[in-house]
1. Please state the shape class of region 437-530: rounded when a/c is under 1.5, otherwise prolate if a/b exceeds b/c and oblate if not, all from the C-alpha gyration tensor.
2. Can you tell me, using C-alpha contacts under 8 Å and at least 6 residues apart, the relative contact order of the chain as a whole percent?
3. Please list, in order along region 368-385, the HN-Hα scalar couplings obtained from phi with the Karplus expression 6.51 cos²θ - 1.76 cosθ + 1.60 (θ = phi - 60°), rounded to whole Hz, x for Gly and Pro.
4. Could you work out Rg/(2.2 N^0.38 Å) for the chain, with Rg from alpha carbons only?
5. Given the peptides 327-333, 258-264, arrange them by the average over their residues of other C-beta atoms within 10 Å, most packed first.
6. Put a dot 7 Å past each Cα toward the Cβ at residue 353 and residue 565; how far apart are the dots in nm?
7. Given the -39500 (n - 2.57) contribution per DSSP H run of 4+ residues, what per-residue ellipticity at 222 nm results for the chain, rounded to the nearest 500 deg cm²/dmol?
8. With +1 on each Lys and Arg Cβ and -1 on each Asp and Glu Cβ, and nothing else charged, work out how big the dipole of region 192-428 is about its Cα centre, in Debye to the nearest 20.
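Where a number appears in this text, it was derived from the coordinates with a stated rule and is not lab data. Here the structure is a predicted model, which means the values were calculated and not measured. Note that each Cβ is placed from the backbone with ideal geometry, even for glycine, and that neighbours are counted across all protein chains shown.
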Amino acid sequence: MITSVLVANRGEIACRIFRTCGALGIRTVAVHSDADGDALHTRVADTAVRLPGAAPAETYLRGDLIVKAALSAGADAVHPGYGFLSENADFARAVLDAGLVWIGPPPRAIEAMASKTRAKELMGLAPLDAAEVTEADLPVLVKAAAGGGGRGMRIVRRLAELPAALEAARDEAASAFGDGEVFVEPYIEDGRHIEVQILADTHGTVQPLGTRDCSLQRRHQKVVEEAPAPGLPAALTEELYALAVRAARAVSYVGAGTVEFLVADGRAHFLEMNTRLQVEHPVTEEVFGIDLVAEQIRVAEGHALPAEPPRARGHAVEARLYAEDPARDWAPQTGTLHRLAVPAGVRLDTGYTDGDAIGVHYDPMLAKVVAHAPTRAEAIRRLAGALERATLHGPVTNRDLLVRSLRHPEFTAARMDTGFYDRHLTGLTAPAADPYAPLAAALAGARSRSRFGGWRNLPSQPQVKRYELAGEEHEVHYRHTREGLAADGVRVVHADDHDVVLEVDGVQRKFRVARYGDRVYVDSTALTELPRFPEPTAQVAPGSLLAPMPGTVVRVAEGLAEGVSVEAGRPLIWLEAMKMQHQITAPATGTLTVLHARPGQQVEPGTLLAVVHPATDHPQSQGVR
């Protein structure tokens, strides 16, 4: 019987596994990098062990240190979570060789399926030979053989782009999974990403636990998932079940796993088998009323699954909340998460709590929010409403994008596919800031800031406040009167430090205000308070390439040096932030006059990386993508 579990992971999934372990009476052990010394998963575990020596991005890939930590902390089992070493057969063997229980499939099953190239061969498929790809094969997808989460993937639409895509995918895969192997396969445009959850025991039982649709993706990483996948014909669903069970039996699979497909034109195309728990497993749990982590533990202890799988009930939808800016090419965001709260009635899985710092070393996912209801329409409405009313004070997030996505006609009608954001991103990220947010921010606490208790005996100039909102400056005016605070065009019904009520055209509107330094949050709208008399700002030279986010320079284009000519759109510098690589491209055709970027350099937002002096008659274009 398992009595103590070490989770070889961090953040949200570690906290989620600890929650189940606590309910089962199992003691918990966390491991952490130096960057995660005060992370939530280390605080909620019964015991925490520091993994010494390695850089933060590499710490959770050190299987030797993790096994040593498990032994020193007295754990008798290891759960890998997802990502990092979760699909590393050598790590699974090391855990077993140390006399510990491995809460996962046998190493030989991981070995067979964790490499996507070997998995395809096992299913009778073969990847393309990168050296033999021709124009007729395009578009193709370069894909990491190990791991998942959208890392190590590149779409190639022009043959000339293939070498650079292979190199970038290898670098990203090696950084994320410790394995730089990649392969090439045909890229199926606008298919639906459908997967089947399976559960298998050591007694020969393999159960398919429904389908999931994960078609809403950015950078090949899922954003919204749901179960069951809507609108699939019964015959296709049965075919997917049969293929998933076939894949599991082919490798004598044990535990929880997922078999993924692209569905296009009514046909299922096998993608891969993930030999681990998926990020989106909560939607299956909600629909089937089970705890997949508890089932993993039971299977690892040798228990048999029930003869019949549980019955599905209702529909569940999950949205991944990321600290990123979708309008800026999904750029990851960092900073303090002052407040994260969602209304009752939905499930929140997170690895953060109020006051935690969002750093640069790991994935930018803040939380998963899950809604379950009798019907799909009710689940969507419940999730969209909860996200809309959630309190999020901190870095920019994709919350507004999620709400708009859930309410988009294509999604509500279940007509979505993997090209959803390619078609709709611009409309889904259009600014929609509340025009009364700056006034509410100014009025909150205005009475307590008045030296004269709220009104003046003589007429005076109005009070003026300036705010930056969605990249634009807003100036608001209000006055202290005998009757209280007043502003043109509205009636101030109430105003204190945290709550403001305005009457606009006879309708009362309520605003909740929170302040953190010069950052003010009015409901879901974030503003920056500006000084009354702004200081002159430094001018940035035309053609300057500034770091759009904190990160590490991992590569500079070959042959790049001051004085060379570059073409608009040419990739010049590669930044790695939160385990993803981001290209910095030439903003215009011209001459590189400054090059400060060096591989290995740590940079902050706004750091000058290079300057391209534009040639005449060549308009500038966006330089980051």
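1. Prolate, because a/c is 1.5 or more and a/b exceeds b/c.
2. Relative contact order of the chain: 9 percent.
3. Along region 368-385, the couplings run 10, 10, 10, 10, 10, 7, x, 10, 4, 4, 5, 5, 4, 4, 5, 5, 4, x Hz.
4. 1.04
5. Details: 327-333: 19.9, 258-264: 21.9.
Sorting 327-333, 258-264 by mean packing, highest first, produces 258-264, 327-333.
6. Output for this residue pair reads 6.1 nm.
7. On the way: 17 runs with 154 residues, N = 625.
Helix contribution divided over all residues of the chain: -7000 deg cm²/dmol.
8. 440
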